[in-house]
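Working notes for the structure below.
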Amino acid sequence: RSKASFLQFDVVNFTQWCASRSPVELVKTLSRLVTRFDAEALEVGAEKLKTIGDAYQATTGLLGRNWRDGDDSAVGLFFLANRMHLTMENDEDFPEWTGRIAITTGPLIGAIVGSTPYRYDVFGATADLATALEPLALAGHSVACPASAAQIAKAYPHLNDVRGEVFANEVALSDNSS
């Protein structure tokens, strides 16, 4: 797609948390979190791509479902990001966890790669940018590339007054999506 949006989520200090937990507790807790995120992604019309350890990746606008060809795809991930943060803050299953999220918008390529097992994945600068931006978010906050921030601000103009709080720090990196 010429324009879709990509979300990269990561649990802050996950490795340190794991050091004091049994493997069974770790897997059960992480599974509960991912199951919650999966349900939230479905509710907002996002597509889960995959998890990589404690990282969670989702997209909107890529498969042409629910979000119009990327024109407002970041808005769907904005909904998802807010729900993810609320889950982390309010759910007693995750009292010690907080997350960081990056949302990017631009060209994405989705494909099944390899032959065994079959895996759907996405490629391109938009996914790479989210992976690079996510560590720059403050714990409990999200960052958005300029293209994503513009879509969200257009859908929610009243957020312009508190934009710095909503987006933590909008990182002004070129994402070549304009």
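The values are calculated or read from the model by the stated rules, or taken from the named source; none is laboratory data. Model, not experiment: these values are computed from the prediction. Positions of Cβ are backbone-derived with ideal geometry, glycine not excepted, and every protein chain shown enters the neighbour counts. Keep in mind that these areas ignore ligands, DNA and RNA; they rest on the heavy atoms of the full protein, side chains included. Shrake-Rupley method; radii C 1.70, N 1.55, O 1.52, S 1.80 Å.
Miscellaneous remarks
- Summed over the range 108-123, the residues that are outside any loop (DSSP other than H, G, I, E, B) and open to solvent by less than 50 Å² (accessible area, probe 1.4 Å) give a count of 4.
- If you go through the range 106-125 and pick out every residue that is closer than 17 Å to Ala41 by Cβ and of a type in the set (Ser, Thr, Tyr), you end up with 1.
- Residue in the range 49-59 that is closer than 24 Å to Ala150 by Cβ, acidic (Asp, Glu) and surrounded by 14 or more Cβ atoms within 10 Å (Cβ to Cβ) present: no
- Only residues that are over 12 Å from Asp10 (Cβ atoms) and either part of a loop (DSSP other than H, G, I, E, B) or free of Cβ contacts under 8 Å to residues at least 24 places away in the same chain (or both) were counted in the range 92-107, giving 6.
- Taking the range 78-96 as the range and being within 23 Å of Gly53 (Cβ to Cβ), open to solvent by less than 30 Å² (accessible area, probe 1.4 Å) and either of a type in the set (Val, Ile, Thr) or modelled with pLDDT of 85 or more (or both) as the test, the residues that pass are Leu80, Ala81, Met84, His85, Thr87, Met88.
- Residue in the range 4-12 that is within 16 Å of the chain's Cα centre (by Cα), of a type in the set (Asp, Glu) and outside any loop (DSSP other than H, G, I, E, B) present: yes
- Test: Glu40 is within 26 Å of Ala155 (Cβ to Cβ), modelled with pLDDT of 90 or more and either out of contact with any helix residue (DSSP H, G or I) (no Cβ under 7 Å at 6 or more places or on another chain) or not small (Gly, Ala, Ser) (or both): yes
- Per the listing Thr105, Thr126, the residue uniquely farther than 29 Å from Thr29 by Cβ, polar (S, T, N, Q), in contact with a Lys or Arg (Cβ under 8 Å, 6 or more places away or on another chain) and open to solvent by less than 60 Å² (accessible area, probe 1.4 Å) is Thr105.
- Only listed residue being more than 20 Å from Glu43 (Cα to Cα) and in a helix (DSSP H, G or I), chosen from His85, His158: His158
- In the range 29-45 there is at least one residue that is within 23 Å of Ala111 (Cβ to Cβ) and outside any helix (DSSP H, G or I).
- Conditions (1) within 19 Å of the chain's Cα centre (by Cα); (2) part of a helix (DSSP H, G or I): number failed by Val24: (1)
- Single match in Ser73, Ser2, Ser31, Ser20 (criterion: within 22 Å of Cys145 (Cβ to Cβ) and open to solvent by 20 Å² or more (accessible area, probe 1.4 Å)): Ser2
- Residue match in the range 105-117 (condition: at pLDDT 75 or above and closer than 26 Å to Thr87 by Cα): yes
- Residue list for the range 108-133, restricted to those being in contact (Cβ under 8 Å) with a residue 24 or more places away in the chain and aromatic (Phe, Trp, Tyr): Tyr120
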